[in-house]
Every structure is written in structure tokens, then in C-alpha cells.
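Only one structure is covered here, and it is reproduced in the block below.
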Amino acid sequence: MVFLTEVQKRFQREMQDFASKELAQGAKERVKLDYITSEVINKIADAGLLRMTMPAKYGGKPIDYVSIGIVFEEICRVDFSPFSMILSHTLIPQTMELASEELKEEWLPVLGKGNKLACFGNTEPDCGSDAAAITTRAIRDGDYYVIKGEKTSISGGMQADAILFTAKTDMEAGARGVTCFFVPFDLDGISKSRFVDMGIHPSGRASIFFDDVHVPARFRIGEEGEGFTRIMSGLDFARVLVAIATVAMAEASLSEAVEYSKTRTKFGNPLCDFEGVSFKLAEDLTLIESSRLLCYEALKLKDEGLPNTKEAAMAKWYAVDSSVRILHDVLKILGFRGYSDATPVEQRLRDAIGSRIGDGTAEIMKLIIAREMIGRKVRPIM
Ligand SMILES: Cc1cc2nc3c(=O)[nH]c(=O)nc-3n(C[C@H](O)[C@H](O)[C@H](O)COP(=O)(O)OP(=O)(O)OC[C@H]3O[C@@H](n4cnc5c(N)ncnc54)[C@H](O)[C@@H]3O)c2cc1C
């Protein structure tokens, strides 16, 4: 890509090398598992990819945001199984900036080494797109908060050891009543149940139930009411990373389709000789290039400390929807093989469809873009 610096290009080659040497073998099987293997967790952790936004004083190995995008692109092109773990461990340390020193010292080093895993939860059974409408309660009781409610659809929930989540400390205050907590799963009163999903299996999506859980106040992140803004700015970042990961899967499958179209002969000609196929491939490559540019523009803005909410929403909507279209095109070009597990495309398509919903749907992204263009009067008010 044209605007990468020499250092970023070198890092990109290192990541390509790491992914092909360490992750390519067995990746097609691993994306069918409902957990991330310890071998992959260790390899990713040893490469420093679970501490990319973590301050060095907690064992972190911080890198710039464009380079984080490169990590997601190169890893997910080869192996999508660790995607949700890397995503959580990239976002959580940033939100933890507001946590007490004690909590950071206790958790950040172990998260960075992959010794413990954490997930993120805002969604509830009655609250997804309207993220501030949560009803999980956190009532202060001396040195504790008593937490009651359900977080649902939580990526990594089954395998994680802890969760960073939102709860209302003031039920009447709307978004201003949202507070963040970081809580280990071994507290009394927490239970989990697993989703059976069509894709992104290794993320082991879960519902997490809090039944009057007594959470020490030191597990609160920041002040009461500070949670929502913090989570929302983290979501901008998450959306771009989801988008890049999905583009990488689409690009991997598109390359497979190009090769296939050169060798598969129909009506006496290779498939790629037919405009019906080659124009489709040309359109798909253009969608990939434009999607990638949107993603990296959003990350570059973040590196420069500039707002990127609009660009992040554009990337999430356009790149993920484009990737789903491309993967579907590839599946059709591969014919009967594409519609089986003989090639990775069917799994990638199911994974990409999940990415359309996780971290916000296209409709919500368009609302955000419209709000950034027109102003806060755009309805519904979020
Ligand atoms: C694979 C996957 C991973 C996930 N991981 C996590 C996670 O780790 N942590 C977490 O907290 N959540 C997670 N989620 C949940 C996800 O963030 C929510 O599913 C998402 O925000 C949508 O919420 P919802 O499902 O409740 O849909 P709803 O909010 O009920 O919306 C349903 C439909 O209505 C549309 N809609 C809603 N409002 C409007 C409007 N105003 N205008 C037009 N259309 C509208 C939506 O676009 C959607 O298509 C995950 C979901 C998936 C599928």
C-alpha cells in the first residue's frame, strides 16, 4: 500500500512471515473449533500481539495504529481463529487506562502474556444497537457493587477468565449512568452459557449472567458515569480492525478464485476468459482496494490524534459488506467445491456475516456517518 512508511512495510513483511510460518498449518481446521488452541494463544502472545496497546510498564509492547491494522490483516488472512482474542486484548488495555493502579498491575501483565484471557461485554438481551439502553444494575453497597443482569453475545466469553463490561450505576441518567467494570469470572454468582454459531466459532460466544454478584469497588474502571464515552471511542477502533480482518479473508479467497478461474475450463475456455467471471473478479479487487484504503485512513487519523468516528463507521459498513459480497462471489466461482468445506471460502463467508453484526450493523454505521455529516439532530438520537 502506497502510504505505509518503510518501517511499516518492514513490519508488514515480518507479520506475513510470522503468519505463514507459525499459523498457516492447521488454520482451516482451527476455525471450526469452538475455542482458540493454547498453541495459537502462546504463539500470538510470544509475538507480542496481545499487548500492542499496553503501556511498557505493564509489559506492553505498544505500536502505532496502522501497524495494529497490519497485524489484523496479515494474521486474519492466514488464520481467523485468534481474531476475537487479539481484538479484545487490543481494546481492553486502552479502556483500563482509567482503572486503579492495583487492577492494572494485577491484570495487564497476565493478559499481555496470554496467561489469562479477557472479553468485552455491553450487549444485553434487550439492548444491542442502542448501546446506552443497558439495564444491568450496579448498586453501591459499602466497598462493593452488587451487580445483577445479563450480558449476551460476548465474543470470547466461554474461554475468557475475566470481562470488561458496562452496568448502570444510575438507572435514570441514560448514557451518563453507564459505568465500566473489569471482573474476574471466578466471583460467586457469575455463570455462562454458550451460543451455537454459524461462524467465528473459536470466539466461543456466550451469555454471562450476574446474579447479585458482589464486586469489590476497586474493579470499577474510572469514575461512575465515565463508561459510555470510553467504550464508544474504543468501538471506533474495534470497527476498523473488524473491517480489516474481514477484508483480509476476502482477499485470500479472491486470490484462490483467480487461480481457480485460470485452470477450470468450461465450454472450451478457462473461466477467467469469460467477462461474466473476469469482470466480477475485477469488481471484487476494486472493492478490496477501496475498503483497505478506508480502513487504513481511519487508523492513520487515529495515529495523528484526529477524530475518525466517521471514517471508522464507513470502514465497518463498506468493507465488511463488500467482503461478504466478495466471499459470496468467490463461493459461486468455485462452484460445487465452494459450497463445501473443501475450500476455506464457506467458513470465511460465515465468519464475515458475523462481522456484519458484531461491533455494530451497517444501519448503525450509516446513522453515525449521517450524524457526523448533518449533526446530532439525526434520528434516532444516540
Ligand atoms: C459475531 C458477533 C460477535 C459479537 N461480539 C460481541 C461482544 O464481544 N460484546 C458485545 O457486547 N456484543 C457483541 N455482539 C453483539 C453485537 O454488538 C450486537 O448484536 C449488535 O450491536 C446489534 O445489536 P442487536 O443484535 O441487539 O440488534 P438490534 O439492535 O435489535 O437491531 C436489529 C436490527 O435492526 C437494525 N436497526 C436497529 N436500529 C435501527 C435504526 N435506528 N435504523 C435502522 N435499522 C436499525 C439493526 O441494524 C439490526 O439489523 C456480537 C454479535 C455478533 C453477531
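The values are calculated or read from the model by the stated rules, or taken from the named source; none is laboratory data. In this text the structure is predicted, and so the values were computed from the model without any measurement. So basically every Cβ, Gly included, is an ideal-geometry build from the backbone, and we count neighbours across all protein chains shown. Calculation scope for accessible area: heavy atoms of the full protein, side chains included, ligands and nucleic acids excluded. Shrake-Rupley method; radii C 1.70, N 1.55, O 1.52, S 1.80 Å.
3J(HN,Hα) along the range 344-349, derived from phi through the Karplus expression 6.51 cos²θ - 1.76 cosθ + 1.60 where θ = phi - 60°, amounts to x, 5, 5, 5, 4, 4 Hz, with x in place of Gly and Pro. Each Lys and Arg Cβ is given +1 and each Asp and Glu Cβ -1; about its Cα centre, the range 1-134 then shows a dipole of about 540 debye. The percentage of C-alpha pairs in the range 1-158 whose separation is greater than 25 Å is 40%.
Taking each residue as 0.36 nm, the span from GLU304 to ASP126 lengthens on full extension beyond its C-alpha to C-alpha distance by 60.4 nm. Stokes-Einstein diffusion for the chain at 37 °C, viscosity 0.692 mPa s, with a Kirkwood radius from C-alpha pairs, works out to 153 µm²/s.
A straight chain from LYS61 to LYS32 at 0.36 nm per residue would run longer than the Cα-Cα distance by 7.4 nm. In the chain, the calculated helix contribution to ellipticity at 222 nm averages -15500 deg cm²/dmol per residue, counting -39,500 (n - 2.57) for every DSSP H run with n ≥ 4.
The alpha carbon centroids of the range 101-128 and the range 331-361 are separated by 29 Å.
Once both axes come from the Cα atoms, what is the angle between helix 6-18 and the longest principal axis of the chain, in degrees from 0 to 90, rounded to 10? On a 0 to 90 degree scale, this one is about 80. Three principal axis extents of the range 313-363 based on alpha-carbon atoms, in descending order, are 34, 16, 12 Å. Per residue, the convex hull spanned by the alpha carbons of the range 268-382 comes to 125 Å³.
Dipole size of the chain about its Cα centre, with +1 on Lys/Arg Cβ and -1 on Asp/Glu Cβ: approximately 620 debye, rounded to the nearest 20. Per residue, the solvent-accessible area of the chain (1.4 Å probe, heavy atoms of protein chains only, all protein chains present) comes to 44 Å². In this structure, the amide hydrogen of TYR145, modeled 1.01 Å from its nitrogen in the peptide plane, lies closer than 5 angstrom to those of VAL215, ALA217, counting only residues at least 5 positions away or on a different chain. Summing charges over all other residues whose Cβ lies under 13 Å from the Cβ of GLN159, with Lys and Arg as +1 and Asp and Glu as -1, gives +2. Per residue, the convex hull spanned by the alpha carbons of the range 1-58 comes to 127 Å³. If the chain linking SER233 and GLU101 were pulled fully straight, counting 0.36 nm for each residue of separation and taking away their Cα-Cα distance, it would gain 45.3 nm.
Please report, as a whole percent, how much of the solvent-accessible surface of the range 212-278 comes from carbon and sulfur atoms (probe radius 1.4 Å). Roughly 53 percent, rounded to a whole number.
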